[in-house]
Every structure is written in structure tokens, then in C-alpha cells.
Amino acid sequence: MDRRYANCITRRTHTDISDCNLKQTMEITNDNQASPVVPAKTMVGAIQKVSKRENYLPWDDYFMNIAYLSAMRSKDPSTQVGACIVNPDKRIVAIGYNGFPRGISDDSFPWARKSEDPLDTKYPYVCHAEMNAIMNKNSESLKNCDIYVTLFPCNECAKLIIQSGMKRVMYACDKYSHLMASKASKRMFDAVGVEYIYCDTTSLVKANTAEEETGTQATLTSDANTPSK
């Protein structure tokens, strides 16, 4: 074959290949221009927005149930009381329940509600839930905190609440409202501006806060300083 003819064929073949590649490139470019990018959500169909769960536990129910859960630690066979202290940022800074002071045997000291000798009852020895919560605090100050209690504070605990700087008492039960100790608590709270609000909570946890016997209540009515729990 003549060399000049062969070179001509080779050059033509290269030109055809280049033209073909150019044509394909133009087609791809045109296709991209004609077919805009489709959003993913349109390609896979309409995506429904997922909303938050509506039946979650409100703050008041949450903290009061923690107070009830704490009450279940109490060794008191008749009444278990719990307390939960919360700061303005909705953070728990203390919890407590009613029981004997640290180091005193739960098996050696009396749990009786009434006896011929008052020293053989639980009342001179038991620390209330509010006291224990205040003593167990994990923050420097309780100023402006709320306290959630399963039973309305007695007058002695009311003093501690006021002295600690707390501003609101949320309570689940006020079964001793007719007694002098409870009335004294309310009088002090009113005098210093501490709110006390009944918390009609949804109780997921429930301790025994049943009414104690009438004999014990009669003793409490005549002595405001006698613990009512």
C-alpha cells in the first residue's frame, strides 16, 4: 500500500474518533442542561415531618415522681415521705426521705407511732425528708430553688426551707392541714413569700402516705413541735 495513502487513512480515522468524542461530550452537556438536578426528597416521594412525642412527662410530674421514688427508700413502716430539690435551671440538687439520723440503727430504735412512754415512739428521732434533702445538697446554695415533697412540710421543716432560701414548695398531700404544725408552716411561708402549691401529679411511683391512727393525731394537735410524719 502506498505510504501516503496509509497516512491519509490514519489521519481520517483519528479525526473521526475526535469528532465522535466531541459529539458525545456535547450530548452529555446538553442532557445536563435539559435535565436539572431533582431534589432527593422529590425523587423518593414526599417525606412527612416527624413531630415530638406529645404525652411526655411534665416537669412537675417528673420531679414529684422522683420524690415518691426517694420515699420508697424510707424504713418507716407507717409513712414514707420523699423530697426533691430543684434549682431554677430544672436540675436536681438534692433528694431525701424520712428516717433516723446517720449511724442510728433502724433495728434498735423504735418505729412505733404511740406508746405510754413518748421516747418509745419514732417522733423524737426521725429526720424528715426535707431536712435530709437539705443536708444532702450537692450545691453550694439552695437559694431560689423549688422543693417537691410528697407530704406538706411541718413547721420545723418550714423553718429549714425558709432559712435555705427556697422560694416554692410543691406538695402532693396535705393530710395534716388541720394540725397546728401545718398551720404554723403556712403562716411562716406567707410571711416571707414562699409559695406553696398543690401538685396534682400523675404518680407513676407511689409510696405509702396513708393516714396515721387517730391517737397519734390527737397528740400532734396539742404540740406544734412534734413531727407529723
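Summary of values
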item: For the stretch 99-163: accessible area per residue (Å², 1.4 Å); result: 53 Å²
item: Ranked by how many other beta carbons lie within 10 Å on average, peptides 74-87, 120-133, 170-183 from highest; result: 74-87, 120-133, 170-183
item: Estimated FRET transfer efficiency (Asp106, Ala46; beta-carbon r; R0 45 Å; 0.05); result: 0.10
item: Nitroxide proxy distance, nm - points 7 Å out along Cα→Cβ at Glu116 and Lys90; result: 5.7 nm
item: For Asp61, solvent-accessible area (1.4 Å; no DNA, RNA or ligand), Å²; result: 20 Å²
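The values are calculated or read from the model by the stated rules, or taken from the named source; none is laboratory data. Quick caveat: nothing in here was measured; it's all calculated off a predicted structure. As a convention, Cβ positions derive from the backbone with ideal geometry for all residues, glycine included, and neighbour counts pool all protein chains shown. What goes into the accessible areas is simple: the full protein's heavy atoms, side chains included, and nothing from ligands, DNA or RNA. Shrake-Rupley method; radii C 1.70, N 1.55, O 1.52, S 1.80 Å.
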